[in-house]
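Working notes for the structure below.
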Amino acid sequence: MSAEMTAEQPAPKKSRLPLILGVVVLLVGGGAGGAWYAGLLPGGPAAEADPDAPSVDRRPELYHTLDSNLVVNLRGDGRSRARYLQVGIEVMTRDPQAMAALQTHNAVVRNNLIMLLSDQTQEDLSTREGREALQTAALEEIRAVLSERFGDPGIESLYFTSFVMQ
């Protein structure tokens, strides 16, 4: 009779608590170990790998669009009809003070960009390489203004948001 009773009674359920705790410990420990290894926590190998390596700026990106598109006459050879360039420009920084300085010195920035743009020819800008060279020169022009007037170049990137030659 006792054999019949044990066969009919369900086996006692095992607790899943140790399994759940084990998974949680692995996840938390693995995450902390990964953060340590990546240098996000002090003493990790990546944090000590190269003390001269530039740090990654984790502040959010801030974008500023020049008030309106810049329209200039392109430099010509004097024999052909006038050519025009219309450019929309947006810049990116992570420094709110640089953003404020850019807005404060907007007139100087626009003036210098107009001078730079009007010194281009249609041939200069007819290739991707020519437009990228202009993009680099325009970024350097803005950085020069901010360095002179604000003490810090502050701007990381410049983007053409429109680019029309006619």
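Derivation of every value follows stated rules applied to the coordinates shown; laboratory data play no part. Every value quoted in this text rests on a predicted model; they were computed, and no experiment measured them. Positions of Cβ are generated from backbone atoms using ideal geometry, with glycine treated the same way; all protein chains shown enter the neighbour counts.
Peptide packing for 110-123, 85-98 was compared via the average number of neighbouring C-beta atoms within 10 Å per residue; ordered from the highest value, the list is 85-98, 110-123.
Fully extending the segment from Tyr63 to Asn106 would add 14.1 nm, taking 0.36 nm per residue of separation and subtracting the current Cα-Cα distance. Under conditions of 25 °C and 0.890 mPa s, region 62-165 yields 175 µm² s⁻¹ as its translational diffusion coefficient, taking Rh as the Kirkwood radius over Cα pairs in the Stokes-Einstein equation.
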